[in-house]
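To start, the structure itself, in structure tokens.
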Amino acid sequence: MKKCSILFLTILLITSLSFSRDRNSWNNISIRSSSPENKPGWKKFSIRLGYNVGFATQSASISWTKELYYEQALFGIDYRAKKGNSFNAALGYRFSRSFGVMVGVDIAARNLNANYDASIPHPLYFNSPREAQNSASYKITENAAYLDLVLTVPIGKFGLDFFAGPAYILSSAELISAVQYSQSYPYTSVTISAQNQKFSKNVFGANAGVSLIFNFTPSVGVFIAGQYFSGNVRFKPSEVPGLKLTLGGLKAGGGIKIVF
Amino acid sequence: MKKLASFFILVLLFSVFLQGSYVGKVYVKPRPGETSQLIFRVPKSFLDSRSFYNHAFGKANTNPRVEKATDKACNDQLRELHAYFESEVKKGNLRIRLVQDDPEAMMEHRRYTQYYKDLEVFGGEIIEHFKEGKLVGINGEYYEIRDFDTVPLITKDTAVELFKADLEKSNLLANEEKSKLIIYPLEDKDYYLAYLIVLGEEVGYSMTGIIDARTGKVLFKYPNIKTEDLTIGFGYGYHGEQYKFPTSLQNGKYYLADESKARPVNQYTSYKYANSTFYIASDDDNLWDYDGALVSAHTFLGLAYDYYYLVFGRKGINDNNLRIICSVHFAEPDYADNAFWDPEVAAIFFGEPGQNNEQNAGAIDVVAHEYSHGVTDYTSSLIYLFESGALNESFSDIMATAVEFYWQEPGSGFLKADWYNGEDARPYFSTTGCRNLANPNSNSQMKNAGYPRSLWYPDPCHLSQEMPIIYYYGHLVDNGGVHINSTIYSHAYYLLANGGTNKISKKSVIGIGIDKATKIFYRAWTYYMGPSSNFLYAANALLQSAYVYGSSSNEYAQTIKAMEAIGWIVE
């Protein structure tokens, strides 16, 4: 989040510096635009379609105790969110040669592995805990809608887009809501299984990124981009402690950009 | 006019849509902490709650809304809902599962299971609540399912195999009665044709799985064994030590009883026995702090069962889970300071402390000793007289010591494993009067029993010390020495397990450890010996039993040495 803010401020700084240079060109354009045949040298709208590869992995651990058979049972879960990919689509509007806004969505999902374990006291003997481990695989979706301020820097057929802004992340995940155990006489071992619960939570976050565009034609180009999403969410299963996850992370990918 | 007619038709269609959809969205689950039989009045907002998120089983709604409505709206909507569900009952889509009487509230609750094309909808249930015959509430989960294909692409047998593979347990058996094709609602408007498969082992393991009947994917699984079923009590034993043990809850009271829930045997501990009735001890809060002897007896009886099961795979006294009973505070004066196994009622009795101030229920080895008498009854049936009787007692002492060493740390003092028998029976620690397996001669049961000095035979450790048959004032003393002479073989067990030198023969034995020694004795007593086996027979049985380790094994060689140490010549 902090990195994202710094990036966002940097972009704003570049933007403001550019804006002071750009104002003249805007004025020039304004003057030229008084003549109907002198249309602006840039197109106002753009559509970006892309595919991103996520680089962020994340792990989170929770543990808790519960009194059972007059002793403390220990439970623990290690979540590991793997890298995930996303589809990205955005609609841009440029209100000057260098500046514009972009509204987009990022449809992302990644696998979430949970390794959980328990130390369950013996029902009949003190100090004879039984250990058990198990694992489960889930999915976490992190669909984001974002609104970015865009700074465009044309370099011949190439162009650089710097963008940053707030994001609204719709996250959902299936998580362990309870760890159940089963045992039978003589209780020398115990098996555990997870009860799952699906959670959905929407949070505000931020995003920032940069893309390098190569324009084949005045209207169509391809781009490579790096984008960073950030947002924190806390899920609260009923029988286990809450789980805090950082959503998004760094993504890189490419796609096509059409301007019109 | 045409536009007006179109608009009217549109409004009509929309109304029909609303009417048709709300009944499919009846869904209320209690919030965390509320009981599952929440009775509520159906509010207008609830009926219109098309936006109500309809979770499937196991994916609880964390924040369901239940709002109150005016009585009028409530009654109207209730009637409407009831009428709809009644029509579903007639179609066979709702089938009565359970009618619960609730006399305290003067209510009746009717539970209907939802079906679709004769297939049960997993978790679909409507509960109608009637008070004095009048409908006062409806709740539950009812899924709106339309045009759903109910033809499976895999067979039930395939689903069973897939579920076994998922559990990585190929030896499980399917419960044919409970395993069936169902409709499994996973998410709102998302239904699966699935097999509900129940797999289990004979005892203690049972899993339910929902397997997609088209793809074979395991959609959901959960264990059926609810460990919360175990009722475990906590208490303080005879010496103030802490134990946990199975109890039973009945009518608000806890009893020192376990009806094969914690252990696969019915186990009872009574505080009184009168008129052929065992009065089972009870407690209000399952914190047993008022009678240590009861707690110790109940705990130790369970531990004796556990030992035989864990070490020899033996299921109780008769190897068929014969129920086990012990009666503490048996008040007959003749049994003061004593304990006994009564084969007639198949129960262990513990007399009250008397002159010696012994509460034998407080000693794990005494409890295991009496328990082992029961085992003898169902195995060798050694006649309780003369040498066979001494072997009977010897076997009980041997197994009692093995149980003690299994559950307690070796050492000296209360609740420590040692070679004495009955040392924990008194409120103060003393080994005086206890049978001593390591050094039998250190004790004289005849002396402790109050016989005249001329009969103070030391407890024997060698065949040459075997007490002769004595009649004292016309009575056969100690059934022909069943207790006194028992120490010859229990000392042989000590030598074989621990190692040592016999005081009389001066012959030494290298110990092979308690586990192996106990195995040899257990096999001899339970597999090779019969009712009239005498000391000679026992020696042969032991060698036969030790042969399991091989004729050239150290175990066999040391068993021979142990026999030689107590006086036999092995050729």
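Of A:LYS257, A:LYS236, A:LYS244, all but one fail to be over 11 Å from the mean Cα position of the chain (by Cα), within 14 Å of chain B (Cβ to nearest Cβ) and either surrounded by 15 or more Cβ atoms within 10 Å (Cβ to Cβ) or of a type in the set (Lys, Arg) (or both); the exception is A:LYS236. Mind checking which residues of the stretch A:150-159 are part of a strand (DSSP E or B) and surrounded by fewer than 17 Cβ atoms within 10 Å (Cβ to Cβ)? Listed by number, the residues that qualify are A:VAL153, A:PRO154, A:ILE155, A:PHE158.
Conditions (1) buried (at least 18 other Cβ atoms within 10 Å of the Cβ); (2) in contact (Cβ under 8 Å) with a residue 12 or more places away in the chain; (3) within 21 Å of B:ALA402 (Cβ to Cβ), marked per residue:
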residue	(1), (2), (3)
B:ILE520	yes, yes, yes
B:THR526	yes, yes, yes
B:PRO531	no, yes, no
B:LEU542	yes, yes, yes
B:SER551	no, no, no
B:TYR556	yes, yes, yes
B:VAL570	no, yes, no
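Does B:LEU287 fit the bill of being within 14 Å of chain A (Cβ to nearest Cβ) and of a type in the set (A, V, I, L, M)? Yes; evaluated as a whole, the condition is true for this residue.
Just to check your reading of the model, which residue among B:ALA274, B:ALA297, B:ALA257, B:ALA281 is away from chain A (no Cβ under 12 Å) and either surrounded by fewer than 17 Cβ atoms within 10 Å (Cβ to Cβ) or at positive phi (or both)? Of B:ALA274, B:ALA297, B:ALA257, B:ALA281, the one residue that is away from chain A (no Cβ under 12 Å) and either surrounded by fewer than 17 Cβ atoms within 10 Å (Cβ to Cβ) or at positive phi (or both) is B:ALA274. The single condition among (1) within 13 Å of another protein chain (Cβ to nearest Cβ); (2) at pLDDT 95 or above; (3) closer than 25 Å to B:THR376 by Cβ; (4) crowded, with 22+ Cβ neighbours inside 10 Å that B:GLY235 does not satisfy is (3).
Screening B:ALA400 on (1) in contact (Cβ under 8 Å) with a residue 60 or more places away in the chain; (2) outside the structural domain of B:TYR308 (by TED's automatic domain parsing) shows it passes everything except condition (1).
I want to confirm something. Restricting to the stretch A:212-233 and keeping residues that are under 16 Å from A:ALA167 (Cβ atoms) and buried (at least 16 other Cβ atoms within 10 Å of the Cβ), which single residue is nearest to the other protein chains (Cβ to nearest Cβ)? Steps first, please.
Going through the stretch A:212-233, the residues under 16 Å from A:ALA167 (Cβ atoms) turn out to be A:225-233.
This time we only want the ones that are buried (at least 16 other Cβ atoms within 10 Å of the Cβ), so: A:225, A:227-231, A:233.
Details: A:ALA225: 33, A:GLN227: 30, A:TYR228: 31, A:PHE229: 25, A:SER230: 25, A:GLY231: 20, A:VAL233: 14 Å.
Ranking the qualifying residues of the stretch A:212-233, first place goes to A:VAL233.
Consider the stretch B:305-350 and keep the residues that are among the aromatic types (Phe, Trp, Tyr) and more than 16 Å from the chain's Cα centre (by Cα). The one that is farthest from the other protein chains (Cβ to nearest Cβ) is B:TYR335. Is it the case that A:GLU142 is in a strand (DSSP E or B), within 13 Å of another protein chain (Cβ to nearest Cβ), under 25 Å from the mean Cα position of the chain (by Cα) and surrounded by 17 or more Cβ atoms within 10 Å (Cβ to Cβ)? In short, no. The strands (runs of 3 or more DSSP E) found entirely in the stretch A:54-139 that carry 1 or more residues being aromatic (Phe, Trp, Tyr) and surrounded by 20 or more Cβ atoms within 10 Å (Cβ to Cβ) are A:71-81, A:99-120. Across the stretch B:199-232, the qualifying residues are those that are at pLDDT 90 or above and more than 8 Å from chain A (Cβ to nearest Cβ), and the one among them that is surrounded by the most Cβ atoms within 10 Å (Cβ to Cβ) is B:ILE211.
If you go through the stretch B:509-528 one residue at a time, do you hit one that is assigned to a loop (DSSP other than H, G, I, E, B), over 17 Å from B:ASN439 (Cβ atoms) and among the small types (Gly, Ala, Ser)?
Looking for residues that are assigned to a loop (DSSP other than H, G, I, E, B), over 17 Å from B:ASN439 (Cβ atoms) and among the small types (Gly, Ala, Ser), one finds at least one in the stretch B:509-528, hence yes.
So for the stretch B:497-504 (the condition being over 42 Å from the mean Cα position of the chain (by Cα) and either among the basic types (Lys, Arg) or more than 15 Å from B:TRP568 (Cβ to Cβ) (or both)), does at least one residue qualify? Yes: the stretch B:497-504 contains one or more residues that are over 42 Å from the mean Cα position of the chain (by Cα) and either among the basic types (Lys, Arg) or more than 15 Å from B:TRP568 (Cβ to Cβ) (or both). Close contacts from the stretch A:171-193, counting a first residue that is on the phi < 0 side of the Ramachandran plot and of a type in the set (Phe, Trp, Tyr) and a second that is part of a loop (DSSP other than H, G, I, E, B) and at pLDDT below 90, with Cβ to Cβ under 7 Å and a gap of 6+ residues or different chains, come to A:TYR185/B:GLY204.
Residue count for the stretch B:455-465 satisfying the condition of being touching a residue at least 60 places away in the same chain (Cβ under 8 Å) and surrounded by 13 or more Cβ atoms within 10 Å (Cβ to Cβ): 3. Here the condition is being surrounded by 19 or more Cβ atoms within 10 Å (Cβ to Cβ) and under 30 Å from A:LYS44 (Cα atoms); of A:PHE204, A:PHE199, A:PHE162, it holds for A:PHE162 alone.
The rows are residues; the columns are (1) out of contact with any Leu (no Cβ under 8 Å at 6 or more places or on another chain); (2) surrounded by fewer than 18 Cβ atoms within 10 Å (Cβ to Cβ).
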site: B:LYS90; (1), (2): yes, yes
site: B:TYR116; (1), (2): yes, no
site: B:HIS129; (1), (2): no, no
site: B:PHE148; (1), (2): no, yes
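Taking into account only those residues within the stretch B:260-271 that are under 21 Å from A:TYR125 (Cβ atoms) and of a type in the set (S, T, N, Q), which is surrounded by the fewest Cβ atoms within 10 Å (Cβ to Cβ)? So the residue we want is B:SER260. The set of residues in the stretch A:24-48 being loosely packed, with under 13 Cβ neighbours inside 10 Å, modelled with pLDDT of 50 or more and hydrophobic (A, V, I, L, M, F, W, C) consists of A:PHE45 alone. Out of all the residues in the stretch B:424-445, is one or more modelled with pLDDT of 95 or more, hydroxyl-bearing (Ser, Thr, Tyr), outside any loop (DSSP other than H, G, I, E, B) and surrounded by 21 or more Cβ atoms within 10 Å (Cβ to Cβ)? No: zero hits.
Among residues of the stretch B:296-324 that are outside any loop (DSSP other than H, G, I, E, B), those with a beta-carbon under 9 Å from a residue that is surrounded by fewer than 23 Cβ atoms within 10 Å (Cβ to Cβ) and acidic (Asp, Glu) at least six positions away or on a different chain give the pairs B:SER296/B:GLU241; B:TYR308/B:ASP319; B:VAL311/B:ASP515.
The values are calculated or read from the model by the stated rules, or taken from the named source; none is laboratory data. Worth saying up front: this structure is predicted, and the values here are computed from it rather than measured. Note: ideal-geometry Cβ built from the backbone for every residue, glycine included; neighbour counts use all protein chains shown.
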